[in-house]
Amino acid sequence: MSIVTVQLGQCGNQIGHELFSAVCRDVHGTHGLCSKKENESYHDACKERFFCQEESEVPVARAVLVDMEPKVISQTLSVAARSGSWKYDDRSHFCQKQGSGNNWANGYSVHGPRHKEAIMNLVQKEAEKCDRLGGFFTIMSMAGGTGSGLGAFVTQCLRDAFPTSFILNHIIWPYGTGEVIVQNYNSVLTLSHLYQSSDALLVHENDVIHKICAQLMNIKQISFRDVNQVIAHQLGSVFQPTYTAEGGSDYSRNPLGDLMETLVPHPEFKMLGLRNIPQMPENFLAYSTFSWPGLIKHLRQMLIANAKMEEGIDWQVRPPQPGSSSRSTTKPPRFNTSIANLVILRGKDTHSVDLGSFRDPSLYTSWLTPQDAFNAWRTPRAFNKYEKSAALVSNSQFLLKPLDSVVGKAWNMFASKAYVHQYTKFGIEEEDFLDSFTALEQVISSYTIL
Amino acid sequence: MTQSVVVQVGQCGNQVGCRFWDLALREHAAVNKKGIYDEALSSFFRNVDTRSGGDGADIYKGKICSLKARALLIDMEEGVVNEILQGPLRDVFDSKQLITDVSGSGNNWAVGHKVYGCQYRESIAEKLRKAAEHCDCLQCFFIIHSMGGGTGSGLGTFVLSLLEDEFPEVYRFVTSVYPSGEDDVITSPYNSVLAMKELNEHADCVLPIENESLFDIVNKIHQMINSGKLGSTVKPKSLVTSSAGGAKAVQEKPFDAMNNIIANLLLNLTSSARFEGSLNMDLNEISMNLVPFPRLHYLVSSLTPLYTLADVNVPPRRLDQMFSDAFSRDHQLIQADPKHSLYLACALLVRGNVQVSDLRRNIERLKPSLHFISWNQEGWKTSLCSVPPVGHSHSLLALANNTCVKPTFMELKDRFMKLYKKKAHLHHYLHIEGMEQSCFSEAIASLSDLIEEYNELDATKDGPRIDPPRLKIAV
């Protein structure tokens, strides 16, 4: 089954481009450390998922590029075409002349309805090119105007037009110290609207990726390109083909569906975080060796202690002791409770890895058993030159603090009514803000009492 | 890509405008080596086919034939505009883009606004419409004028309200040169306050500039060059005050250096909208992020660096120095000290070889020494444009919505009241048709209200931070 990617706004288009490049590089450039047959299977599954292949031409990404101003899209299209290894469909993009001005209301209430037909036509065309449609993957940032506002509108349209398809929104959480002054308003409005139409929200935080670039990747002058490449690597480690069933002989054909099934058991809980191990500069790989027990131990502690990367993990945090009387009073303070977790293993000896530590019931909330809450996918095919690598997609309290922080700051600003006139100008009233705040406080509350 | 139209009014407006067009051509020439008319050029210039003689049709793609500025030149005296039309930039302006008269406004806001406004309304409106028709997607009008005189101040603000009526969807950015205390025009306080009311009501964003600050910057550069500290190692084109490399001959007029600073301000402001970068910022984002309440739209600007040494290596320390300078008192374009007042919002527009980590590092470093209002503690808007200005490898424009504009306004009010209490020179205004005493009282009331709004915000500065309670959800 194929995934149609919708790239929204500057951020969405820049990341989307890195994602397709990373996936292509993984398939073509690296050996994979497995049998030829395995490699070919992987190659075919990946192709079907992300690309459409015309006869003798380069693969064409299954993507729709949307932006309200032309500079980024034209750059993205040309850089992809120049690579020679893949490209976008020349007709599969939509742009306007004047951007959304960082204004969610402009993206949602003005650009959305105005361009709905044109954009949905492009999406329909891409969907029809798929033999079997596996769902939609939208990439957007929350801070700006197009990705966030128009993105929320387009997600709603996707839900209306494809009621039985899976929709996964990939969201970029902006830097805490500001890229856009009204980013907290835009974030609150985006999240509350997406919660209604999307199946799950997969989040990457700029601050976190920035730290990974600085501390793990040793990059001195970090650019957005570096950040986007790390994000693309992490996404690739989740979405490249894997075997989902134990001993299954074919690569899973339904990645989005499988993801939703394992990770989103209840519609109130849709926030997914992503962790990846190991992460290092490419030139270090030749000198490093990894052991599965070590990787798994670190990954588990990253989950429990809510560590953002494999350095600086707090090893003091432990799960609550079994047999305690009341769950909420005896939970250790910094412990990260999970609803569901998915571990993806790639590379050598994945079949022999012991994941029992992830099946510990004390990691999970009480209303799911570990059999239901935990899943593992594997493939012997190594990813992107890492001999062994593991990814964790987690529906847990990972994003509780960032969410609480964003809502808090937005509320502070809203109390003084600052900037609200910029939104009411385009049809988003104070009641709409209040509705969004209420919806998110509900989500925060639900995650807090896990 | 969007287009912008520049409306330059009065002597000051036209002189600054002239420098702007010269430096804009220089900037595009440096970037656009192949002579192709691209989207970046189209934001300020039309490409006109003049081979067939007269006013040819616009050419939208392909090689540059003849560039025409998207501008309207308005002056009620002929001297300045004539000089421009006889100078090296004469081909850049269309003869139909001019509106001139002979006798000037006599440093009288009422003459500029009421008399000439009324007289030339139709003509101005028609030429604006023509300019707008040549645009694919018109986003912004830039108005350049001074506040202290008659034409720039009076007719300039008339054009502003005309723009709001005729083109309500298009942004109006105003660059206003405020008079200094020792201004030689006695009635400049009247003119300025009358104009302020119009700016309060009809402008989307105002960038106030004070001659004193420009003068100080020019002096600072002269001292640095002449003191021998740098010797001859400063790149001439990199001086923010320089016209080197432009169309103008080397012999510069006295105000040229100061006007070049303003021209560079406008170029840097629009750079991220014209050129590519990893984090773009369009003009509509400026107003969205920096104007939290409709009337508080006065932005204090500062430009760094003022010059580049010929030394090619730029270690991060020097880059960090650029950020520090942007917040120092002597780089601001009005006499104000933002560091000791309250920030409502701040934007950093970076050009050139600077990455997001440099930006983040400097924001972290400078944040503790700045006061931000309680509901906007991380009130930063940032943008990264890959194309640096001519002669530099990187540059920074900082725009601050900060209560440090208050002293400027309060002084203006004081100077106004000194004259008004004695009714000095009032008759020159009141005998103009359409002017009454109420015009004055309304204008000073508008200014007082604005000052009061800033006062209220300042009052929150040192108080305890009380966050409003969050919504409670029933579990």
Go through the stretch B:276-294 and report how many residues are within 7 Å of another protein chain (Cβ to nearest Cβ), surrounded by fewer than 24 Cβ atoms within 10 Å (Cβ to Cβ) and in a loop (DSSP other than H, G, I, E, B). 5
Within the stretch A:393-400, is even one residue within 30 Å of residue A:27 (Cα to Cα), in contact with a Gly (Cβ under 7 Å, 6 or more places away or on another chain) and assigned by the TED database to the domain that holds residue A:294? yes
When you go through B:351, B:365 one by one, which is the residue that is in contact with a Pro (Cβ under 7 Å, 6 or more places away or on another chain) and more than 9 Å from chain A (Cβ to nearest Cβ)? B:351
Taking the options A:101, A:32, A:12, name whichever one is within 14 Å of chain B (Cβ to nearest Cβ) and part of a loop (DSSP other than H, G, I, E, B). A:101
Just checking, which of B:406, B:422 is at pLDDT 90 or above, surrounded by 15 or more Cβ atoms within 10 Å (Cβ to Cβ) and not small (Gly, Ala, Ser)? B:406
For the structure I just gave you, tell me whether residue B:142 is in contact with an Asp or Glu (Cβ under 9 Å, 6 or more places away or on another chain) and at pLDDT 90 or above. no
Which of the numbered conditions does residue B:206 fail, given that it passes all the others? Conditions: (1) at pLDDT 95 or above; (2) part of a helix (DSSP H, G or I). (2)
Of all residues in the stretch B:56-93, count the ones that are more than 25 Å from residue B:113 (Cα to Cα) and charged (D, E, K, R). 6
Only one of A:148, A:192 is in a helix (DSSP H, G or I) and either at pLDDT below 95 or within 29 Å of residue B:274 (Cβ to Cβ) (or both); which? A:148
Among the numbered criteria (1) assigned to a helix (DSSP H, G or I); (2) out of contact with any Leu (no Cβ under 6 Å at 6 or more places or on another chain); (3) at pLDDT 90 or above, which one does residue B:222 miss? (3)
Regarding the stretch A:424-447, can at least one residue be identified that is more than 14 Å from chain B (Cβ to nearest Cβ), within 30 Å of residue B:291 (Cα to Cα) and not in a helix (DSSP H, G or I)? yes
Could you give me the residue pairs with C-beta distances under 9 Å whose first residue belongs to the stretch B:388-409 and is at positive phi, whose second residue is of a type in the set (A, V, I, L, M, F, W, C) wherever it lies, and which are 6+ apart or on separate chains? B:391/B:30; B:391/B:239; B:391/B:244
Within the stretch A:80-92, can you find the residues that are within 18 Å of residue A:22 (Cβ to Cβ) and exposed (fewer than 13 other Cβ atoms within 10 Å of the Cβ)? A:82, A:84
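Within the stretch B:338-345, is even one residue more than 25 Å from residue B:210 (Cα to Cα), in a loop (DSSP other than H, G, I, E, B) and either of a type in the set (Val, Ile, Thr) or modelled with pLDDT of 90 or more (or both)?
The initial filter retains those residues of the stretch B:338-345 that are more than 25 Å from residue B:210 (Cα to Cα), namely none.
Scanning the stretch B:338-345 turns up no residue that is more than 25 Å from residue B:210 (Cα to Cα), in a loop (DSSP other than H, G, I, E, B) and either of a type in the set (Val, Ile, Thr) or modelled with pLDDT of 90 or more (or both).
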Only one of B:82, B:47 is closer than 20 Å to residue B:255 by Cα and either over 19 Å from the mean Cα position of the chain (by Cα) or assigned to a helix (DSSP H, G or I) (or both), namely B:82
Having 3 or more residues that are without any contact (Cβ under 8 Å) to a residue 60 or more places away in the chain is the bar; report the helices (runs of 4 or more DSSP H) wholly within the stretch A:205-316 that clear it. A:206-211, A:224-239, A:292-305
Flag for residue B:432 being away from every other protein chain (no Cβ under 14 Å) and more than 30 Å from residue B:30 (Cβ to Cβ): yes
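The values are calculated or read from the model by the stated rules, or taken from the named source; none is laboratory data. Keep in mind the model is a prediction, meaning the values are calculated, not measured. Heads up, the Cβs are rebuilt from the backbone with ideal geometry, glycines too, and the neighbour counts pull from every protein chain shown.
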